[in-house]
Amino acid sequence: MPDYSHFLGDAVKRARGRQGFSQREVADAANIDTQTVLKIENYKGNPKLEVLFSLVRALNMDSREIFYPEIERKSPALDQLRLMIERCSDHEAEMLIPIFQAVINVIRAADSISIE
């Protein structure tokens, strides 16, 4: 039987690193104790569903990182963007489309200049 605490601990560490959060900031955002975050990251935690739910949401995590760790993530950045977009209202998504397009155009233009 796999050690699920390692999957959870590693996923939380990665997500916390992506967000640039300290353990205390994660605990505050998830409304849990800092020791709980520490235990999870050190593979000693076995959180209740309520804690896990709060933690996943506070870290804006893709829960598949925890429950399906064997699936290779080809692009964690794209997964993160998808998750953010899925949490948008229709109005927010409509407002973001021209912004995304403009940003993508600028990035691609900058990339083409640096390649030349």
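Rounded to the nearest 20, the Cβ-based charge dipole of the range 1-73 about its Cα centre (Lys and Arg +1, Asp and Glu -1) stands at 120 debye.
Placing R0 at 35 angstrom, the Cβ-Cβ distance between Asn60 and Asp3 gives a FRET efficiency of 0.90 after rounding to 0.05. Taking Ala102, Ala93, Ala30 as the candidate residues, the one with maximal mean-square fluctuation in a Gaussian network model of the chain, Cα springs under 10 Å, is Ala102. If you take all other residues with their beta carbon under 12 Å from the beta carbon of Ser54, and give Lys and Arg +1 and Asp and Glu -1, the sum is -1. Ordering Ser89, Phe100, Ser114 by Cα displacement along the dipole of the range 74-116 toward the positive end leaves Ser114 in first place; charges were set at the Cβ atoms of Lys, Arg (+1) and Asp, Glu (-1). Which entry in [x] 9.4; [y] 8.9; [z] 7.9 matches mean projected area of the Cα convex hull in nm² derived from the coordinates of this structure? For mean projected area of the Cα convex hull in nm², the calculated option is [x]. Exposure proxy ranking for Met84, Met61, based on other Cβ atoms within 10 angstrom of each Cβ and starting from the fewest, stands as Met84, Met61. In the chain, helices alone account for a calculated mean residue ellipticity at 222 nm of -22000 deg cm²/dmol, with every DSSP H run of four or more residues adding -39,500 (n - 2.57).
Of the residues Phe67, Phe100, Phe21, the one that moves most in a GNM of the chain with alpha-carbon contacts below 10 Å is Phe100. Put in order of Cβ neighbour count within 10 Å, fewest first, the listed residues Val103, Val12 become Val103, Val12. Please find the FRET efficiency linking Met84 to Asn42, where r is the Cβ-Cβ separation and R0 is fixed at 35 Å, and quote it to the nearest 0.05. With R0 = 35 Å, the Cβ-Cβ based efficiency is 0.75. For the residues Ile85, Ile66, Ile104, a GNM of the chain with alpha-carbon springs under 10 Å puts the largest fluctuation on Ile104.
No lab work stands behind these numbers, since they all come straight from the coordinates. These numbers come from a predicted model, not from an experiment. Glycine also receives a Cβ, built like all others from the backbone with ideal geometry; neighbour counts cover every protein chain displayed.
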